[in-house]
1. With bins 10 Å wide starting at 0, give me the P(r) of region B:77-209 over every alpha carbon pair, in whole percents.
2. Between the alpha-carbon centers of region B:224-263 and region B:81-160, tell me the distance in whole angstrom.
3. Using a Cα-Cα cut-off of under 20 Å, which aspartates and glutamates could be cross-linked to A:LYS56, ignoring same-chain neighbours fewer than 8 residues away?
4. Using the Karplus equation 6.51 cos²θ - 1.76 cosθ + 1.60 (θ = phi - 60°), what ³J(HN,Hα) coupling, rounded to whole Hz, does each residue of region B:217-231 give in order, writing x for Gly and Pro?
5. For the modelled label position 7 Å from the Cα of B:LEU209 along Cα-to-Cβ, which residues of region B:222-245 have backbone nitrogen atoms closer than 14 Å?
6. Between A:ARG55 and A:LYS14, what is the spin-label point distance in nm, taking each point 7 Å from the Cα along the Cα→C-beta axis?
7. Could you work out Rg/(2.2 N^0.38 Å) for the protein assembly as shown, with Rg from alpha carbons only?
8. Step through the table entries B:LYS189/B:LYS307; A:LYS174/B:LYS9; B:LYS99/B:LYS294; A:LYS133/B:LYS48; A:LYS69/A:LYS220; B:LYS124/B:LYS189, compare each Cα-Cα distance with 22 Å, and write down the pairs that go over it.
Amino acid sequence: MPNRSLKTYTIGDKVLVALMLLLCFITLYPVWYTIVISFNDSTDSLRGGIYWFPRKFTLQSYITVFQDKTIIKAFRVTILRTLIGTVTNVLFTSMVAFALSKNHIIGRKFYMILGTITMFFGGGLIPYFILIKNIGLYDSFWVYVIPSLFNFYNMIIFMAFFRELPAGLEESAKLDGANEIVIFIRIILPLSLPVLATIALFTGVYHWNDYFMGVMYTNKQDLQPIQTFLYRIVASASASKTVVAMPAGVAAQQVSSQSVRLATMVVTTAPIVCVYPFLQKYFVKGMLIGSIKG
Amino acid sequence: MKQIQLHKKTFFQRFRDEKYLQIMALLGIAWMLVFNYAPMYGIIIAFKKNYRITVPLFSLEFLKSEWAANGGFYHFIQFFKDEEFVNVMTNTLGISLIKLFVNFPLPIVFALFLNEVRSHKFKKVVQTISYLPHFLSWVVLGGILTTWLSETGLFNELLVKSGIVAQGKTYLAYPEYFWSIVILSDLWKELGWSAIIYLAAIAGIDQELYEAARIDGAGRMRQIFSITLPSISGTITILFILAVGGLFNSNFDQIFVLWNPLNSSRSNVIDIYTYNVAMRGMRYSYAAAIGLFKSVAAFILLFIANKVTKKINETSLF
């Protein structure tokens, strides 16, 4: 940042600050509005005119959300896939990276070429879908875990990190008779917490926010994550042209389903939004290593 | 020394010595063979007559099944003749090109502006807020959009109140608004996040350059155009190449949420079309052919963009 010697604020500075404030407002307001409506009485919301705060405050939508068995189940799927998916991805990817960070191993060059090709070519959605069906992952919880077990891109980031670690520790462990698996678990992993955290955060956000796998690879309602559940409501809402022209009963149902939808959205997003400001250092770092390697 | 010792061992001995490392590496290779290479092999269905989902990819039945007409290229030819072809290409490239000309440069502008903010604290706060939308999923943003843009939603409420329109409408049900919705919502979501790379590049610029420019009497604008922009042009170029390579990749996550049969004439992009052809129409071979056409076209674009930028300013991806 240019360290200006003059400390007076010009008109340019003021315009700039105003612009940035406007941008912050545009960014925050839609989120704030969603929260406000989700806390407002659903029939009252229909009258419009709510902009800043709830007019008729109620927790009804949230009570509905937390009593809905389907929603609870969907949250459970999301939490499970995020936890299991993230832990297994980080462990598996870093394990492969540890092996490939050793220049001397047989076939390393070949392995790396195999991996690099995958960054440029892929089979595409349909052959992938057929594969998932063929290997029996369709309609199985593990479809969220096994196909996301490994990521070549992240593997390269891990590899670069492992190479910077001092070789001495590993050497002495080897003299004590430890094999590479023990070394990896006991020595390498504890030393790599910053990079593990960074990759885990990205993978975790991916799992938390992904809805498409639940649409594509499962038909069972019990297996749909919360984002897929939301997707189905949102998609049907965007296609329905009008609320007013419907029979009263249907319209009322639509309205209450809107506030329940908003409440579900708030509950779904809250964990990430509350956590990211404190972890943004890691996110930014991850984004930067990623972009340099790419 | 070590090198010489290694050469004396046979291949088998070396392999045994590093067996644990090999197991670790080969597990990763096995994963890639299944989840990256098997689908590549699966592309064969694009050249088969009409693949049925019940036939396993790795079976004699599949290999022996009939090939498509026209030397296997029947489905590709069919796609070019398809009445949806022009529409699909227009939507895909139209949305992507507008994104390239609007949503690509704006994060650079934002980064330049933010860099000019003097208060460090204020800058940090703006930055943190600007990341927020990136962490919302497209489903959640889709939910916000359907709420705002519905007939009784906030957007219409304001328009009606200010007398601009007499009666609101559900914007997502009309094709003519679709592109604007897609482009603006993408901008809202990713503006701050995309600026990270540029801000990092700007932070790496040698401060003495600015010092010297100021002594020479260069104003703020002059400094931006003569120092900041040229210093980050390498970063811009690399990201530009990648963006051009992705022109055929409409943001599937986004469009899949906002797409519906009513706005289909402006929202049917290659990816959506492929999905519907396969998952609703069960025409797997045809869908795979469209998918393959897309990857090949994307790769060619990436290659050309790389070549051109290499010529112009000597920065390239590979």
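We did not get these values from a lab; they are worked out from the coordinates using the rules stated. All figures in this text were calculated on a predicted structure; none of them were measured in a lab. All Cβ positions, glycine included, derive from the backbone under ideal geometry; neighbour counts span all protein chains shown.
1. 10, 28, 28, 22, 9, 3, 0
2. 12
3. List returned: A:ASP41, A:ASP44, B:GLU157.
4. Values, residue by residue: x, 6, x, 5, 4, 4, 5, 4, 6, 9, 10, 4, 4, x, 5 Hz.
5. Residues passing the 14 Å test: B:222-237.
6. Reported label-point gap for A:ARG55 and A:LYS14 is 3.7 nm.
7. Values: Rg = 26.7 Å, N = 612, 2.2 N^0.38 = 25.2 Å.
Working it through for the protein assembly as shown, the quotient is 1.06.
8. Where the Cα-Cα span goes over 22 Å, the pairs concerned are B:LYS189/B:LYS307.
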